[in-house]
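Scroll down for the structure; my scribbles are underneath it.
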Amino acid sequence: MLRLFVAAFTASVLLAAPDTVQILEGPPPEGVSAQIRPALSNRLYKVELKGNSTIEFWFRDEMPVREGSQGDLGVNFGLFGRGALLGVVRFSAPWKDYKDSSVKAGTYALRYAAQPADGDHTGVSLYRDFLLLVPADLDQEVDGHYTEQELVVMSKGASGSTHPLVMGMFPVWEEPETESVVSNELDQSTLVVKATGVIFGLVLIGHGEH
């Protein structure tokens, strides 16, 4: 498994968070397109949050990892192409994304993106990597069809605002023995995902500057 090592960030050791995750077996949810469904694993990450709501993830059987260095400044997961499909997520209740925008309960495709390196996005997040949330019924292709900008437009339509819906993506500095929910450097509840070829963290509760 490829380990992603970047310059050390001065931070405390990741601490266990109160939210819990179960690894179960279950097919992707209804609403996922027939084109995308075969690319997804039946391995279900079911996260139970405080307040009895759940967030469920299905990731790809084989992550679309690119060969060679893709190390743009401030980007930790450049091994994914912009717009790459990583999986889908289902929210049992309304959720707040990394920019504190409201996300309706339902199923969304997870598409990799990175914040532009310009002044308009400085300070939005500690890291430039994030996932775009695209309504599952709109996302009909696995690879090589949508541009990053087209996905942004699709996600903006779901948000009802000028900003797309996003999930914060953080590097995992200390790999736990099993998938779990930990606290990242900003003390935000973060799901550790141990997928084929890569380990990463997705922020479940917490917001960046906006």
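Could we say that Gly168 is surrounded by 20 or more Cβ atoms within 10 Å (Cβ to Cβ) and in contact with a His (Cβ under 9 Å, 6 or more places away or on another chain) here? When the stated conditions are applied, Gly168 passes them. If we scan the range 176-194, do we find a residue that is of a type in the set (S, T, N, Q), farther than 18 Å from Leu49 by Cβ and surrounded by 20 or more Cβ atoms within 10 Å (Cβ to Cβ)? Looking for residues that are of a type in the set (S, T, N, Q), farther than 18 Å from Leu49 by Cβ and surrounded by 20 or more Cβ atoms within 10 Å (Cβ to Cβ), one finds none in the range 176-194, hence no.
Taking into account only those residues within the range 151-162 that are at pLDDT 85 or above and out of contact with any Pro (no Cβ under 6 Å at 6 or more places or on another chain), which is surrounded by the most Cβ atoms within 10 Å (Cβ to Cβ)? In this case the residue turns out to be Leu151. Contact map, the range 170-189: first residue without any contact (Cβ under 8 Å) to a residue 12 or more places away in the chain, second residue among the acidic types (Asp, Glu), Cβ cut-off under 8 Å, separation 6 or more or different chains; the map is empty.
The values are calculated or read from the model by the stated rules, or taken from the named source; none is laboratory data. Keep in mind the model is a prediction, meaning the values are calculated, not measured. Ideal geometry is used to build each Cβ from the backbone, glycine not excepted, and the neighbour counts take in all protein chains shown.
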